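Contents: one structure, followed by commentary.
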Amino acid sequence: MQLDNHQDTSIDGLKERVLELAKRRGFLWPSYEIYGGVAGLWDYGPFGAMLKHRVESAWRDIFVVGESALPIETPTIGVEELFLASGHLSNFVDLIVECVNCHTALRADHVVTEYLKSRGIAADLCDPGIAGACVPSSEKTQQLIDSHGITCPDCGGPLGKVHDFNLMFTTHIGPGTQRKGYLRPETAQGIFADFPRLLRFHRDRLPFGVAQIGKSYRNEISPRQGVIRLREFTQAEAEVFVDPREKNHHPRFDEVANVEINILSKDFVGTASVKSACERNIIAHEYLAYFIARCQEFFIRVGVRESRLRFRQHLPDEMAHYAVDCWDAEGLTQHGWIELAGIADRTDYDLRQHERQSGLQMAVFVPYEAPKEVERIVVRPNMGYLGPKYKGKAKQVAAFLSGISNPEGAIVFDGQVVDPEGYAIETVRESISGDFVTPHVIEPSFGIDRSIYTILEHAYDEDTIDGERRVVLRLSPHIAPVEVAVFPLVKALNEKALEVFRLLRRAGLLVEYDDSGTIGRRYRRQDEIGTPFAVTIDHETIENSTVTVRDRDTTKQVRSSIESLADVLREMLVHGFDKKSF
Ligand code: ATP
């Protein structure tokens, strides 16, 4: 599946080069640059926007079309009740510390880890059980600042007190201050709020998946790493609602059972198939393992290199208290291993929280294949005894007794033991047709912007062609913003080249036409934006209606007739220049 194996990982200053290329060639621009820019806000330029669109399409193909999931779109502004229920208003915090001198706000745990790392001191903020995991507490962070005398990394000034900072952006809905609103920090809560309607839409059956791609907002304290930590970013999330008793039986598990993944967990480090990871209890159940495998399929399709992708299991104290098992898909970049996606078993926590907050039932009636005969022990009130004993209260006592199922020991009403003469205990047989269950949620949650940065970094390469150094983005043809470039060799061939350009555009290919500068320069420009193929119209074209097709990665060329050109290119885009599978 790997597109290329030429990447030179020893390129000096790779992250700076990638960012410089991304800015220069219209992939990524700092937002509001003419007004000085704002940390954590980035624009996608024309090639970036097309690349992003194609990455999102690849995600949709796998997680919506491929899973028959229900796609929805909910507002980016959420109401207070939504985030009271989800816990974001009370718990969605990071550690902040301000410089007393220059007043820069800093992410306290990051300041400490970077300081310790730069001095070769093991960052004891991190749990030693598993590399890369870090669960900072404000007390520990404060202690480390004090004991190491850590100062402001910007001006060297003293740091203030470490405290919590809530990452939610607030707003008001409507004029005045009638209703508080919050920009959503994840797309998932909109899905949970729609659960009763989604369930009805899916005709009250489990399991089903719901997917949403959209913007999320987090008022990150100190976003300094390009598009890796943004204040506005795009998430692609699927919430899969499943009967908790079925979590270890994914109906399509066979399709992914042999997919091998790189694992970093407390109990296992290495490569294993998702099936064996499940059997060895490394991954909690088949549903999680299934989506971990699909997650890998997505990343490989969009060009994240398999050898630089790993699945890291959260430590128990790193996980939300309600979660059963969580995995991060991490990509290795020049910023280190970064979290690109999270795959979590959120249990029934969210639905129960919204049930509590809204007062609406979120449980699903799951019918049995056939009704079941069950025995139940019931309490039959004896009114002949209860009437004289409890008088006006007798009916109330009788109703209480009738409501008891499978009694154990003495029965107490209003703090007093009811005399055994007041009731009889009987075994009855009854037929029941199903149970009410609150679904559990398995969530694959992707950060599109971080994925795009990783794709760019993994695709970036420099090599030498005909004695000349070139920069080439070895993007997967699935997501390249331009699929084919069309060049006339000389100006006199412009008309013919434009004809070929229009032909390919009509055939639905993403084509760009370029007639400026030398042919060599034109190839370099396309190599830099990752265009897989370039078609050149030369003198032979006029004689025999053929053109050259040049491969970006090898720079090899073949001739193709104009008549079959669109088909040839389509095939190459899927199977490679030599018709090998990508
Ligand atoms: P982090 O620990 O890096 O802050 P997170 O664990 O809070 O991330 P999740 O809540 O699991 O992230 O969000 C799902 C995905 O959304 C992440 O895997 C990541 O790719 C992306 N994401 C989260 N926060 C940001 C951000 N500030 N900027 C860009 N992408 C983000």
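The values are calculated or read from the model by the stated rules, or taken from the named source; none is laboratory data. Just so we're clear, the structure is a prediction, and the values are computed from it rather than from any experiment. Virtual Cβ from ideal backbone geometry, glycine too; neighbours counted across all protein chains shown. Side chains included, ligands, DNA and RNA excluded: accessible areas come from the protein's heavy atoms. Shrake-Rupley method; radii C 1.70, N 1.55, O 1.52, S 1.80 Å.
What the table shows:
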item	result
Simple Cβ-charge dipole of the chain, Lys/Arg +1 and Asp/Glu -1, about Cα centre, in debye nearest 20	940
Contact order relative to length of the chain, as percent, for alpha carbon pairs under 8 angstrom and 6 or more apart	14
Helix-only mean residue ellipticity at 222 nm for the chain, each DSSP H run of n ≥ 4 adding -39500 (n - 2.57), per residue, nearest 500	-9000 deg cm²/dmol
With at most 11 neighbouring Cβ atoms within 10 Å, loop GluC sites (Glu not before Pro) (DSSP) excluded, longest segment of the chain	74-407
Radius 9 Å from Cβ of Ile221, net charge of other residues (Lys, Arg +1; Asp, Glu -1)	-1
Label point distance in nm, His53-Ser307, each placed 7 Å from Cα along Cα→Cβ	3.4
1.4 Å probe accessible area per residue over the stretch 414-533, in Å²	40
Cut-off of 10 Å, at most 15 other beta carbons, DSSP loop: longest stretch of the chain lacking such trypsin sites (Lys or Arg not before Pro)	281-555
Label point at Gln334 placed 7 Å out along Cα→Cβ; residues across the stretch 506-537 whose backbone nitrogen lies under 18 Å	528-530
Two-site FRET efficiency, Asn91 against Gln416, from Cβ-Cβ distance with R₀ of 56 Å, rounded to 0.05	0.80
Extreme residue, positive dipole direction of the stretch 180-227, given options Ile191, Pro223, Phe201 (C-beta unit charges)	Phe201
Exposure of Phe501 as accessible area (Å², to 10), given a probe of 1.4 Å and all protein chains	30
Arg356-Ile77 FRET efficiency (beta carbon distance; Förster radius 25 Å; 0.05 resolution)	0.65
